[in-house]
Amino acid sequence: MAAFFFGLLLFAMQPPPIPSRPAERGDRGPPPSPTASSPLALNDTGATGHPNGTLKQLPHILIIGVRKGGTRALIEMLSLHSAVAAAENEVHFFDWESHFQKGIPWYLSQMPFALPDQLTVEKTPAYFTSSKVPERIHDMNPGIKLLLILRDPTERVLSDYTQVFYNRLQKHKRYQPIESLLVKDGEINLGYKALNRSLYHLHLQNWLRYFPLESIHVVDGDKLIRDPFPEMKRVERFLNLEPQINASNFYFNKTKGFYCLRDHGRERCLHDSKGRAHPHVAPAILHKLYRFFHEPNRKFFELVGRTFNWN
């Protein structure tokens, strides 16, 4: 931890430029103070600059989770905005000790080159469920903007299992039937990690120890799949971005069964691994799972002050 704080102090001399904001902010309040809420850009060393005028900056925005909640779709859609520069890969800086010990300079090296007026965004879904991550991010930048995309917790568990199932299948490894993981001795198996990841209220409570709710925007992952445009407009407003993402940026691909993106005439879809069919689960077990999540969901709704259409 001492090395981490030392790295921050070394580069605290010059804040990054603040991207332009909409002229009319409505009731969102004044823009954040550059010194209080902007991450520290390392452009004063000359090591992060690029001849074309771009530079690498610590992220202004983090997509913190959740796994199988739609983080890849969210960062791809957010990248449609010209004021956003997205890191290509999941960096796992704050949750993997082997990466965290490399310090802030290494983390910065994983960021994309961006124009001075662009916001840098990184996404690592495992951040949300890692207990040590909120404090570490807060130490880097207490005013950072956090995006948390969630789906119906039961659907998220099934997607979680589906991903592991196909991964093991491709590697010719054995896999367990989903029923044996979900239920143990006739009851919901609380030892199943995928189940724990869907207990959103427990993880959010940890984040709220370090960040106010106003710093965390919860994206409805189920709505993002069904109708992405309204959800992305809410994200734009939360990030104080000038309205730029349009309905024409999305089109429904009937072959794939989900929305794809259109950007300046170029069309692209998410990887074929997205949108895989879930395994069949006996109705009785599904009912047991929905019943189990009823109370955790209620607690989460109370925390965020809104409800979601989760059965």
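The values are calculated or read from the model by the stated rules, or taken from the named source; none is laboratory data. Just so it is clear, the structure is predicted and the values come from calculations on it, not from any experiment. Don't worry about glycine lacking a Cβ; one is built from the backbone with ideal geometry, like all the others, and counts go over all protein chains shown.
Which ones in the stretch 123-143 are buried (at least 18 other Cβ atoms within 10 Å of the Cβ) and basic (Lys, Arg)? Within the stretch 123-143, just Lys123 meets the criteria. From the set of residues in the stretch 80-122 that are touching a residue at least 24 places away in the same chain (Cβ under 8 Å) and hydroxyl-bearing (Ser, Thr, Tyr), which is surrounded by the most Cβ atoms within 10 Å (Cβ to Cβ)? Looking at residues that are touching a residue at least 24 places away in the same chain (Cβ under 8 Å) and hydroxyl-bearing (Ser, Thr, Tyr), I get Thr120.
One line per residue, one yes/no per condition, for (1) more than 19 Å from His217 (Cβ to Cβ); (2) assigned to a loop (DSSP other than H, G, I, E, B):
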position	(1), (2)
Glu88	yes, yes
Val91	yes, yes
Pro142	no, yes
Ser159	yes, no
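Checked against the criterion of being closer than 21 Å to Phe238 by Cα, of a type in the set (Lys, Arg) and crowded, with 20+ Cβ neighbours inside 10 Å, the stretch 156-178 has no qualifying residue. Between Thr154, Thr71, the distinction of being of a type in the set (S, T, N, Q), at pLDDT 95 or above and under 16 Å from the mean Cα position of the chain (by Cα) belongs to Thr71 only. Figure legend. Inter-residue proximity from the stretch 170-187: first residues closer than 17 Å to Leu158 by Cβ and touching a residue at least 60 places away in the same chain (Cβ under 8 Å), second residues among the polar types (S, T, N, Q) and surrounded by 10 or more Cβ atoms within 10 Å (Cβ to Cβ), beta-carbon distance below 9 Å, spacing 6+ or different chains. Indicated pairs: Ile178/Thr162; Leu182/Asn189; Val183/Asn189.
Condition check ((1) among the hydrophobic types (A, V, I, L, M, F, W, C); (2) in contact with a Lys or Arg (Cβ under 6 Å, 6 or more places away or on another chain)) across all residues:
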| residue | (1), (2) |
| --- | --- |
| His201 | no, yes |
| Glu231 | no, yes |
| Gly257 | no, no |
| Leu286 | yes, no |
| Pro296 | no, no |
